[in-house]
Structure formats: C-alpha cells, structure tokens
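Report on the following structure.
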Amino acid sequence: MKTRFMSIAFAAAAGSIASVMAPVLAAGPALAQTSTAQIWPARPLTMVAPFAAGGTPAAVARIVAEGLSSQLGQPVIVENIGGAGGMTGANRVAKATPDGYQFLLGSVSTHAQSQSLYKKPLYHAVTDFAPVALLAEQPVVLVARKDLPADNLREFITYAKANQAKMQFGSPGAGSSNHLACVLLNAAIGIDVTHVPYRGGGQAMQDLIGGRIDYQCPTGAVAIPQVMGKTVKALAILTKSRSPILPDLASAHEQGLANFDSQNWYAIFLPNGTPAPIVRKLHDAAVASLETPSIQKRLKEIGVEPALPERRSSEYLARFVVDEIERWARPIKESGVQF
C-alpha cells in the first residue's frame, strides 16, 4: 500500500514538473533566437554585391555598406562576385549559413529578370531568401539619337510603329538590365525592333551619339551627361512619375503609357531560414541608414533615389519580388532571349 502511495505521489510530482517545464521547453527555440539576435552582430559582416567592381551598382554597394556599418557597429565588407547576370553572387548567399553574417545586395536582375532569363536559374528568388528591405531605385531613361524625328514618347511610338522594320536599339549586352528595359518598352507599345548588343555601355552610347542606332534605355546616371550635353535626346523617364534626377522630363505614364514602370532597384536579402529577430535588426539598421541625410545625398549624387518609407518593409519586399518576377516574365519570353 505504501509503495503504491509513493508511486502515485511520484507520478503527480512528475506531472507537475512536466506542466511547469512544458512552456519553457516550447519557448526554447524562440528564446534562443532572441538571444542570438541580441548579440548579433558580434563580428564583421559580408555583403555580397553580385556584380563587378566599378559603375553605379558598386557605388551603391559602398554607400549601403558604410551606412549599415555605422548603424550596426561592425564593419560591413563588400565582396564583389559577378557572373551570370548576378546569379553567381546571389547563389552564394542563398546557400550560405543563415546566421546573418552574409547577406546580398540584390537587384531587379538577380531577383526578377533572372527567373525568366535563364532556363535553369541557380536559385528560387522567392523561397531561397529572406527579404529584408527595399533600399533604392534607379530610373531608366528612353534616349534617342538627336536627329530622330520624335521629341517625346508619343511621337516616338508613332514613328516606331511606322518604321520598326528598319530601326535598331542598343544595349551593353543581351540580357542586361538596359536591354530588358527596352524589351519591356517594346512589348508595351507593340513594336518589334532589332536589338544590337555591345560589349559594354560606353560603346553602345557612342554608337547612339553617332546615329548608328536609334535608341536605348540606360539608367539615369548613364543618360544624364549625354542629355545635358545634348548629344542625345531624352524622350521619357520610364516610370509612373517624374524623377528628381531629370525633373523636367515627363514620365512614360503621363505621356500615355499607363502605369509603365521600368527601374533598376536594390534590396537586401538574407538566406532563407535566418532567425526573424536578425532579419528585423538588419531591416531596422537599413531603414535608419536610409534616413541619414548624408546617405541620401550620396545616393542622389549617383542618380539613385532612396526607396519611399512605405516601400521599405520586409513584407513589402516579399510581395514586390513576386510581382516583379511576373511583370518581367512575359516580355522576356516573347523576346526569345534566354540562356
């Protein structure tokens, strides 16, 4: 009888301990994540910039890295890893340990265009990454040879529809963001124009200046010196609204191409599986950096606009990437360009 009583008492005690410990055990992973985020970052971080050193993207990477370093209290080392339209560097981050110490400065190329441009993308832009924050956007400009008989987008559309068989547009190379911006434009206005790929943007611009091609779609940073020098003519900012970099140039939307928007954009991504507290901490540091006047000034000086506050959340970026993949899929497929 005594043995039975002790067994019952022991079982009751064990049950009580289990009931007390259950919430603690259940909270274990969350507590561990919180603890990890509290000490993160405890060492230098690496930001992979998936393009070659030099040019506007590399300048954006340096500015972003310096801003984040200031906010996080640790060095942020920029590692340029080019190749495959940015997929080589992006894939490295996708496969990295999800501890917050390696993240990506992604773009429209790595997270939207690549998913349709390549038959076998190295990663899935939605499921292989944890979106952190949309940082900045770089408007694209439709520029034409200075003697093209069109002075705005409406006139360009009329001329192009009548002369598309003999027209040519140029880009720094097949599959480049500038090439695909013109592909998107051509699809929107319903024209089929021969593409002339060059080995770099400088050569493409020189042939436009020389009148050997009819138009191209470079970023504002590339277009502005030539527009200001009147060696080419700017017909439209290829966005929904005007850009501060060329405030007097009407947007595609206001010139009748409703809701047309073609921009290069930059955003931060972590590997999928990164603890949520680390994602939030990196997001908060990125937003705080964007709100720093010196960072805003430096971005604007290279023709890049900080993302609007309502477009900076991780949730917004997650939706944005899905929409961008869908938006670029059709014109890329119809262009026949695929690697």
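The values are calculated or read from the model by the stated rules, or taken from the named source; none is laboratory data. Keep in mind the model is a prediction, meaning the values are calculated, not measured. In this analysis, Cβ positions are derived from the backbone assuming ideal geometry, glycine residues included, and neighbour counts consider all displayed protein chains. We work out accessible area using only protein heavy atoms, side chains counted, and drop any ligands, DNA or RNA first. Shrake-Rupley method; radii C 1.70, N 1.55, O 1.52, S 1.80 Å.
Just a few scattered comments:
- Scanning segment 222-241 for residues that are surrounded by 21 or more Cβ atoms within 10 Å (Cβ to Cβ) and part of a helix (DSSP H, G or I) gives Val222, Ala223.
- Matching residues, segment 155-206, being buried (at least 23 other Cβ atoms within 10 Å of the Cβ), within 17 Å of Ala234 (Cα to Cα) and of a type in the set (Ser, Thr, Tyr): Ser171
- Check on Ile268, at pLDDT 95 or above, over 18 Å from the mean Cα position of the chain (by Cα) and not aromatic (Phe, Trp, Tyr): no
- Residue in segment 271-301 that is most open to solvent (accessible area, probe 1.4 Å), counting only those that are over 19 Å from Ser70 (Cβ atoms) and either in contact with a Leu (Cβ under 7 Å, 6 or more places away or on another chain) or in a loop (DSSP other than H, G, I, E, B) (or both): Asn272
- Residue among Ala37, Ala49 that alone is touching a Leu at 6+ places or on another chain (Cβ under 9 Å) and at pLDDT 55 or above: Ala49
- Residue among Ser114, Ser171, Ser177 that alone is free of Cβ contacts under 8 Å to residues at least 40 places away in the same chain and of a type in the set (Gly, Ala, Ser): Ser114
- Restricting segment 317-339 to residues that are assigned to a helix (DSSP H, G or I) and aliphatic (A, V, I, L, M), the residue that is surrounded by the most Cβ atoms within 10 Å (Cβ to Cβ): Leu317
- Summed over segment 65-97, the residues that are surrounded by 17 or more Cβ atoms within 10 Å (Cβ to Cβ) and in contact with a Ser or Thr (Cβ under 7 Å, 6 or more places away or on another chain) give a count of 9.
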